[in-house]
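Heads up: the structure comes next, in structure tokens.
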Amino acid sequence: MHLEQAMKEQLIVFDTTLRDGEQSPGASMTREEKVRIAKQLERMRVDVIEAGFPAASNGDFEAVKAVADAIRESTVCGLARALENDINRAGEALRGAASGRIHTFIATSPIHMERKLRMTPEQVVEQAVRAVQWARRWTDDVEFSPEDAGRSDPDFLCRVLEAVIDAGARTLNIPDTVGYNLPWQFGELIRTLRERIPNSDKAVFSVHCHNDLGLAVANSLSAVLNGARQVECTINGLGERAGNASLEEIVMAVRTRQDVFPCDTRLDTTQIVPASRLVAGITGFAVQPNKAIVGANAFAHESGIHQDGVLKHRETYEIMRAEDVGWSANRMVLGKHSGRNAFKTRLAELGIVLESEEALNAAFARFKDLADKKHEIFDEDIHALISDEATFAQADRYKLLSLKVCSETGETPHAIVVLSDNGEERRAEADGGGPVDAAFRAIESIVQSASDLLLYSVNNITTGTDAQGEVTVRVNKGGRIVNGQGADTDIVIASARAYLNALNKLMSGEVRAHPQVTP
């Protein structure tokens, strides 16, 4: 490492894929899925992993606890409103963490204080200080966020932040909660706060930017240039509404433009693409082909002029190497002759940990079934197989036992489906506009969910006509939106599995509390 690089300040990467990213409608994850993503983030050397909002539900509590127990190299963080019960719940969930952080927040903008909290500015300051003090009972690593800071009065922000630093907050996170700020404006806010708050040198300034105007990454980078040394971001820019600042874009912008930035991250950037694919597969939110860094076309060159230039000298049209972000790294092809040990070894290399020998045996059996259907098994196939196996193995009410579909030119498609309904076989058949529509109608005649199908999407996991298709469906009932995923080399079967996965989630009835609502 060059002396100049060694002298660079560290930019702390705070990943909130498992918390804010999960607030995307339909992107909720199981405990096991959160642990798998957290392990990939740890492998990527992310500094802080915000695992969830423990007070939201028992499921969220257990997921944060599982991540805290599993992760040793990264700090695990739990979000809590400025309420004593919320903070205690977060502290309990983080007991097993090698390094734990509590992230507490309260709104500071006039509209939020008046309309949502119904609190005076003085009450908000008092509650913020109390929240930090409560969190300090559990850990010395406390982060405080003034929600909607971008629309807050700067004088009041200075007052609140000075008080919470005195109370023991080590990180101050300034969120652009509604994506309202412009880069020059947001950078100026960070610089002003650092200059005006007397004790600002005792805390790390952080930023959490939303992408409502497409400026989340630009705002975050502007903040870094003005002294912020932590960025809160998500894999693939996942998040509610238009999403959060994209981790991969921030990290590679800082890494690529070291002539501009006085800091750098410690991330292993070769793990970026594997992380992107894992998150996309688990959440069902596909990455657009022209997405920066991780999109399928990010390093593709169609123009003859570009192709000629790259062949002569890569840097004519490429400012990064595809290998540096993981495009060609860590690829191993398995097949029907691969043994159980090779399969188990590859799972470990991909950071996939199964809870028991029975789970490993079931996954290996499905791997062998898949190998009979397609010649080569890639890492993407294994991720999809494990996600689908977790879906298949969980204690859902409805399970797909068999599906028969007839689709013929000039004839109405017809489906016959057999489901297990809490162990009892139920059969139904239906016509439809196509084979998938017929299958969905037959399933609905049994389940009778009365839900609306909002999204049906198919993506090929790898290349070739024998590739697995990964189907995502999104359904809505009474304002509750859930995603379902299914994968198979047969698209109709994958579709039925995805639809059942969504309906089972919908029928489970668990409702998550939203972390931006204070009772």
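The values are calculated or read from the model by the stated rules, or taken from the named source; none is laboratory data. Note that the structure is a prediction, hence the values are computed from the model and not measured. For neighbour counting, all protein chains shown are included, and Cβ atoms are generated from backbone atoms with ideal geometry for every residue, glycine included.
Does A359 satisfy the criteria of being in contact with a strand residue (DSSP E or B) (Cβ under 9 Å, 6 or more places away or on another chain), more than 30 Å from H414 (Cα to Cα) and either in a helix (DSSP H, G or I) or at pLDDT 75 or above (or both)? No; evaluated as a whole, the condition is false for this residue. Against the criterion of being buried (at least 17 other Cβ atoms within 10 Å of the Cβ), in the same structural domain as A107 (by TED's automatic domain parsing) and within 18 Å of F261 (Cα to Cα), A223 qualifies.
Among residues belonging to the range 203-220 that are polar (S, T, N, Q) and crowded, with 24+ Cβ neighbours inside 10 Å, point out the one that is nearest to D141 (Cα to Cα). That would be S206. Restricting attention to the range 228-260, the residues that are farther than 17 Å from S145 by Cβ and buried (at least 18 other Cβ atoms within 10 Å of the Cβ) add up to 14.
Using the structure shown, decide if I197 is over 20 Å from A253 (Cα atoms) and hydrophobic (A, V, I, L, M, F, W, C). Spelling it out, I197 is indeed over 20 Å from A253 (Cα atoms) and hydrophobic (A, V, I, L, M, F, W, C). The residues of the range 448-475 that are in a strand (DSSP E or B) and in contact with a Ser or Thr (Cβ under 6 Å, 6 or more places away or on another chain), listed by number, are S457, V471, T472, V475.
Taking the criterion of being of a type in the set (D, E, K, R) and more than 12 Å from A51 (Cα to Cα), the residues of the range 67-108 that qualify are R72, E73, R81, E84, D86, R89, E92, R95. Selection of the range 267-309 for residues being of a type in the set (S, T, Y) and either buried (at least 21 other Cβ atoms within 10 Å of the Cβ) or at pLDDT 85 or above (or both) yields T269, T270, S276, T283. One residue alone among P110, P54 is under 22 Å from L157 (Cβ atoms) and in the same structural domain as R266 (by TED's automatic domain parsing), and that residue is P110. Here is the figure for the range 408-422: residues that are β-branched (V, I, T) and over 38 Å from the mean Cα position of the chain (by Cα) total 2.
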